[in-house]
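J.: Take a look at this one; I'll ask things after.
The values are calculated or read from the model by the stated rules, or taken from the named source; none is laboratory data. These numbers were taken from a predicted model, which means no experiment stands behind them. Methodologically, a virtual Cβ is constructed for each residue, glycine included, from the backbone with ideal geometry; neighbour enumeration extends over all protein chains shown.
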């Protein structure tokens, strides 16, 4: 009963927040989109509120959570009256594919989804405490301290156990601890369920957004590409935070593209939501902070780039328009940034990456480190998905160049998103250059997961840029 | 609490699991504590000079106390 109440409050809060930018008009795809967003947003809200209740010493969790859920519901119902409707003709691409092709893709997608569900369930049963050291030495350890340590919950950030990374953000640990507090015990199925939820919410979000913007066939192909990546299911059920981070990166990018394509840059609430998603990414892992900075920088850089303006988006480069394009995004992220500042400054322990600033400059001048990172980037690019035969990272570019001539015009959302992913990838590169750890050890045990964080978004952008099928004449 | 375990990076997982299991206690990898957990799942436990055995739980899990503590 307590768990059902927690799940209900979590989902209602998430659904209300995810629905703020949407009008009453709803298709099955946009409903799935909001439900998928609601899963991640709800868990993120549950995490944030638990952290804030802990800071403030609030112990009546059910009352406090009920107030938050009610406030968000009221805000959503009020905002529905003023919501902007999407453009009518969002996607009619499916009619261009022959019936046999659509049937084949549908069957393949259903088989891939069933196989992914089966595989995820079996892995959850086989690894109830997670698969890999980080699950119990970082994420679930932090959750146990937050839930079980009472008023002394800050002890987890002690320098006595620096290997537990006391500077890591708390999205998954605090959400797990919140559910445990309702249950009154640290049930192992809670982190399992959260990992499972994020994995399939990521697939749902990818499918629903592609379905809205490019039709069901593109959505199923995108879903296939994701679900047929074995490491997505492996990492999603290992109780690490990489798949939750990939969810929020994808959420940011899908909302940016929906804002540009479905609303023709005319729904600032979707930008606020995208900013919130980027903020949630920063509250999930430190790499999310890098992504948040990359999105904001990409938005501003794109606006001033002379080649950026798509023919259909005649937006004059004035400060007023820059303000309109960037401020809602920043406003959405602002509350999260404030919470992260509180966490990093007053709660978290010291980080490990920038502990020896004197050596950073020296490392940046060593060509061997650049070569090592380039080699590992090339290797991991082909391997991070744990594909059996053909790497998805070869398959998608192959398809991309095969259809090069028919590619569609790219929206501002697409271009900003692509730039943000590239900046994030470059940021990962720089972090490896200055890492205080043995560079090969660090690359070996983390680079695959970092690529995985960006993989759902890369799949999304790929299928967004695919050409429209030619509708056969009757 | 303190912790003493098998040497080498492969044994780090045993230490992390010990900390995970013993929350809300903080388990530091050091013997400079009044009480110290011993964790030797794959080898014969040593008897550190500054510790005395309080209890052997089996499976290589032991509880030590510092000799100078009461």
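J.: Looking only at segment B:1-12, which residues are buried (at least 19 other Cβ atoms within 10 Å of the Cβ) and away from chain A (no Cβ under 14 Å)?
T.: Answer for segment B:1-12, where residues must be buried (at least 19 other Cβ atoms within 10 Å of the Cβ) and away from chain A (no Cβ under 14 Å): just B:4.
J.: If you don't mind, another one. Is it fair to say residue A:130 is within 11 Å of chain B (Cβ to nearest Cβ) and more than 13 Å from residue A:241 (Cα to Cα)?
T.: No: the conditions fail for residue A:130.
J.: Looking at (1) under 16 Å from residue A:351 (Cβ atoms); (2) within 14 Å of chain B (Cβ to nearest Cβ); (3) touching a helix residue (DSSP H, G or I) at 6+ places or on another chain (Cβ under 6 Å), which is the one condition that is false for residue A:163?
T.: It is condition (3) that residue A:163 fails.
J.: With respect to residue A:43, is the statement that it is under 30 Å from residue A:335 (Cα atoms), surrounded by fewer than 16 Cβ atoms within 10 Å (Cβ to Cβ), more than 14 Å from chain B (Cβ to nearest Cβ) and in contact with a helix residue (DSSP H, G or I) (Cβ under 9 Å, 6 or more places away or on another chain) true?
T.: When the stated conditions are applied, residue A:43 does not pass them.
A quick yes/no check of all residues on (1) within 14 Å of chain B (Cβ to nearest Cβ); (2) more than 27 Å from residue A:279 (Cβ to Cβ); (3) in a helix (DSSP H, G or I):
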site: A:135; (1), (2), (3): yes, no, yes
site: A:141; (1), (2), (3): yes, no, yes
site: A:159; (1), (2), (3): yes, yes, no
site: A:167; (1), (2), (3): no, no, no
site: A:174; (1), (2), (3): no, no, yes
site: A:179; (1), (2), (3): no, no, yes
site: A:182; (1), (2), (3): no, no, yes
site: A:192; (1), (2), (3): no, no, yes
site: A:196; (1), (2), (3): no, no, yes
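J.: Being buried (at least 24 other Cβ atoms within 10 Å of the Cβ) and without any contact (Cβ under 8 Å) to a residue 60 or more places away in the chain narrows it down to one of A:187, A:278, A:219, so name that one.
T.: Unique residue meeting the criteria: A:278.
Each row is one residue, and each column tells you yes or no for (1) surrounded by 14 or more Cβ atoms within 10 Å (Cβ to Cβ); (2) touching a helix residue (DSSP H, G or I) at 6+ places or on another chain (Cβ under 6 Å); (3) within 11 Å of chain A (Cβ to nearest Cβ); (4) within 29 Å of residue A:150 (Cα to Cα).
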{"residue": "B:14", "(1), (2), (3), (4)": "yes, no, yes, yes"}
{"residue": "B:20", "(1), (2), (3), (4)": "yes, yes, yes, yes"}
{"residue": "B:33", "(1), (2), (3), (4)": "yes, no, yes, yes"}
{"residue": "B:42", "(1), (2), (3), (4)": "no, no, no, no"}
{"residue": "B:45", "(1), (2), (3), (4)": "yes, no, no, no"}
{"residue": "B:48", "(1), (2), (3), (4)": "yes, no, no, no"}
{"residue": "B:51", "(1), (2), (3), (4)": "yes, no, no, no"}
{"residue": "B:56", "(1), (2), (3), (4)": "no, no, no, no"}
{"residue": "B:63", "(1), (2), (3), (4)": "yes, no, no, yes"}
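J.: Could I ask something else about it? May I ask you to say which residue of A:61, A:125, A:71, A:113 is within 26 Å of residue A:198 (Cβ to Cβ), away from chain B (no Cβ under 14 Å), at pLDDT 95 or above and surrounded by 15 or more Cβ atoms within 10 Å (Cβ to Cβ)?
T.: Exactly one of A:61, A:125, A:71, A:113 is within 26 Å of residue A:198 (Cβ to Cβ), away from chain B (no Cβ under 14 Å), at pLDDT 95 or above and surrounded by 15 or more Cβ atoms within 10 Å (Cβ to Cβ), namely A:113.
J.: Going through segment A:148-157 one residue at a time, which ones are assigned to a helix (DSSP H, G or I) and within 9 Å of another protein chain (Cβ to nearest Cβ)?
T.: Selection gives A:148, A:150, A:152, A:153, A:155, A:156.
J.: Follow-up. Give the number of residues within segment A:18-38 that are buried (at least 24 other Cβ atoms within 10 Å of the Cβ) and part of a helix (DSSP H, G or I).
T.: Within segment A:18-38, residues that are buried (at least 24 other Cβ atoms within 10 Å of the Cβ) and part of a helix (DSSP H, G or I) number 4.
J.: Looking only at segment A:158-190, which residues are under 23 Å from residue A:59 (Cβ atoms) and under 22 Å from the mean Cα position of the chain (by Cα)?
T.: A:170, A:171, A:172, A:173, A:174, A:175, A:176, A:177, A:178, A:179, A:190
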